[in-house]
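The values are calculated or read from the model by the stated rules, or taken from the named source; none is laboratory data. From a predicted model like this one, the values you see are computed outputs, not experimental measurements. Here the Cβ positions follow ideal geometry from the backbone for every residue, glycine too, while neighbour counts run over all protein chains shown.
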Amino acid sequence: MGEQNVTTGEQVTRESIGELLANPWFCEELFDRTEDIVFFIKDRQARYVAVSNSLVARCRVSSKGDLLGKTCLELFPEPLASFFTEQDRQVLDKGVDVAGRLELHLYLGGARGWCLTDKIPLYDRAQNVIGLAGISRDLHGPGESSAAFKQVAEAVEYLRTHFSESLRIGDLAEKVGLSISRFERLVSKIYGLNPNQLLIKSRIDAASQMLADGNDSIADIAYACGYADHSAFTRQFRSAVGLTPSQFRAAAKQKP
């Protein structure tokens, strides 16, 4: 019987792999193989400390070294530079997650096009924010001149910031000048969700943040997130997260 290529009988876990990794920047190497996804890591001052080759190409510089240590204000045209910087500060100063934000970015060749951006804060072992990591994924749709993408971006941003209100999808579509059917088709194409699902996601994301970071009662959080019925909030939260709000809060508070 041949020898098995096994160095230890211990179970491999996320923690053990993390401790054994010789190259913690493997993700940068992976994203270097993509052209339609921009990957980046920034420090506490929002300066680039790691970038994918796709960002090098879009910024029309010769190497990653031309981007490292610089901020968006030094690299991007306005108004993109100020928008990206303001978004970075929300993540770095308030620990805000940016999830699936529909926005304009630079495509290859320097043209502006639509993408979905995600950013997360990076914490040290004492739970201090020390930077952020993010990706921007090209949508390969119409560019900056596309009124439809701009309208969807406006509608989704309104939904994200007014999720506590009683929102009707028809009113939201009308607000940005789209028919309900067109609005639903575009949202589904971009996000893989219908508008109602996107609204639920916005509410659950906000509730999760409130449960983890604050001490408000679950009833108050339900109301703040647009639920008049506490039990309906609990059912929808459990369906989406797999835990009741109380269970989620308890688990979040136990994290180091």
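For region 82-120, a tally of residues being closer than 21 Å to residue 151 by Cα, of a type in the set (A, V, I, L, M, F, W, C) and part of a strand (DSSP E or B) returns 8. The set of residues from region 152-177 being at negative phi, surrounded by fewer than 20 Cβ atoms within 10 Å (Cβ to Cβ) and not in a helix (DSSP H, G or I) comprises 162, 164, 165, 166, 167, 168, 176.
Between 99, 81, which is in contact with a Cys (Cβ under 6 Å, 6 or more places away or on another chain), among the aliphatic types (A, V, I, L, M) and closer than 30 Å to residue 193 by Cα?
Just a single option satisfies the conditions, and that option is 81.
On inspection, residue 47 does not qualify as loosely packed, with under 15 Cβ neighbours inside 10 Å and either of a type outside the set (S, T, N, Q) or closer than 27 Å to residue 205 by Cβ (or both).
Looking at region 184-233, which of its residues are polar (S, T, N, Q) and outside any helix (DSSP H, G or I)? Selection gives 194, 215, 217. Looking at region 135-151, can you tell me whether even one residue there is farther than 30 Å from residue 108 by Cβ and buried (at least 16 other Cβ atoms within 10 Å of the Cβ)? No, region 135-151 contains no residue that is farther than 30 Å from residue 108 by Cβ and buried (at least 16 other Cβ atoms within 10 Å of the Cβ).
Set side by side, the residues 19, 29 differ, and just one is charged (D, E, K, R), more than 18 Å from the chain's Cα centre (by Cα) and in the same structural domain as residue 111 (by TED's automatic domain parsing), which is 29.
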